[in-house]
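Okay, structure first, notes after.
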Amino acid sequence: MDILYNLIMATFRQTTPILLAATGGVYSDRSGLANITLEASMIMGAFFAVYGSYTYGSSAVGILFGLIAGVVTGVLFALICLYMGGNNVVVGISFNLIAWGLTTFLLLAIYGTTGSFVSRKIVSMPKYTVPVLSGLPVIGGLFKSQTIVAYFSVLFVVITWFILFRTKEGMKIRACGENPQAAAAVGYDVRKIQFLCSVITSTACGLAGAHLSLGLVTLFAEKMTAGKGFIALAVVTFGGGSLWKVMAISGLFGLADAVSVVLKRYDYPSFLIQMIPYLVVVVFVAFDPAVKYFRERKLRSL
C-alpha cells in the first residue's frame, strides 16, 4: 500500500509540468495558431526560475522570472508568426533549438559551468501537505508534500474549461480556431486573440519549467526538460481540445515518468529506465490511430 501511495505522490509531481504546458497549449490550439514552442518556453522558464531564485534568494521571485521568460517567448513567437508572416512550424522548431543552445550558453556565461548548476543559494519551492486529505489511503499521496504549482495545475484545467466553454471570450477563441474568416466578419480581432492565446500558452510553459527546476529538483541542467514540451504537445493533439482528456493523458505520461523514477532505485539499466516515458508516447501514438481505423472499419461493415 505504501508503494502505491508513494507512486501516486510521484505521479502527481511528474504530471504537473506536462499538465500545465498541455493545458496552456489548448488555448493556442483552439485559437487556430498552434504554438509548438512548448519545449522552448519550458526550458527558458526552468533556467530563469533558477536565476531568479539564486540571485534574489526567493522561490517566488524564481517563479516570477520563469513566468516572464514564458511571456517573452510567447510574444516573440506570436509577433513573428502573426505580424511578420512566419510559418508557425518552422518558427516553433527554431525557437526550441535556440532555447536549448541559449540556456547552455547562459549556463557557462553566467555561472561558469557546463552540464548543470547546483548551489545552496537556490531556494526551492515550498511543499505543502493537506492535513486530512493526505491521510486518505492510496490517493492521499496527491495531497502530500506537493508544491502550490502542482495544486494550481489542476485548478488551471478547471479555469481553462470555464473560460473556453462558459464565457464569451472563450467563444471568441473557439470561433477563431474553427472559422477565422467568419470570426473576422463578425468583428473579432483574430490576430489579437491568437496573440493573447500564444502568450498564455508560453506563460503556462514557463511556469511548468519553473516547477521542473525549483519544484521537482533544485538545480538547472542542460536540456533538463528532456522532451516534456513535445510530450505536452502530443497531449494537446491527442486530447482533441477536450480538457478532461488532456488531464487524463497527462496523468498517463506522468505515471510513466514516476515509474521510471521509482525504478532508478533498483539495479535496472539506466538507459532502459529513461526510455519508459518515450515508449509510452510511441505506443500511444500508434494505439490511437489503430483504434480509429478499426472503429471506422466496423462502421463500414454495418
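Observations on the model:
- Å² of accessible area per residue within region 218-277, as computed with a 1.4 Å probe and no ligands counted: 49
- For region 6-148, the Cβ-based charge dipole about the Cα centre amounts to some 420 debye (Lys, Arg positive; Asp, Glu negative; other atoms uncharged).
- Whole-number accessible area per residue in Å² for region 30-189, which is evaluated in the context of all protein chains at 1.4 Å: 49
- Relative contact order for the chain, counting Cα pairs under 8 Å that sit 6 or more residues apart, in percent: 36
- Nonpolar atom fraction for the chain, defined as the carbon and sulfur part of the 1.4 Å probe accessible area, stands at 68 percent.
- Only the Cβ atoms of Lys and Arg (+1) and of Asp and Glu (-1) were treated as charged; on that basis the dipole of the chain about its Cα centre amounts to roughly 440 debye.
- For the peptides 60-73, 172-185, the ranking by packing is 60-73, 172-185, with the highest mean count of neighbouring Cβ atoms within 10 Å listed first.
- Listed peptides 34-40, 203-209, 290-296 by packing density, highest first (mean Cβ within 10 Å): 203-209, 34-40, 290-296
The values are calculated or read from the model by the stated rules, or taken from the named source; none is laboratory data. None of these values were measured; they are calculated from a predicted model. Here Cβ is always computed from backbone atoms with ideal geometry, including for glycine, and neighbour counts include all displayed protein chains. Accessible surface areas use protein heavy atoms only, side chains included; no ligands, DNA or RNA. Shrake-Rupley method; radii C 1.70, N 1.55, O 1.52, S 1.80 Å.
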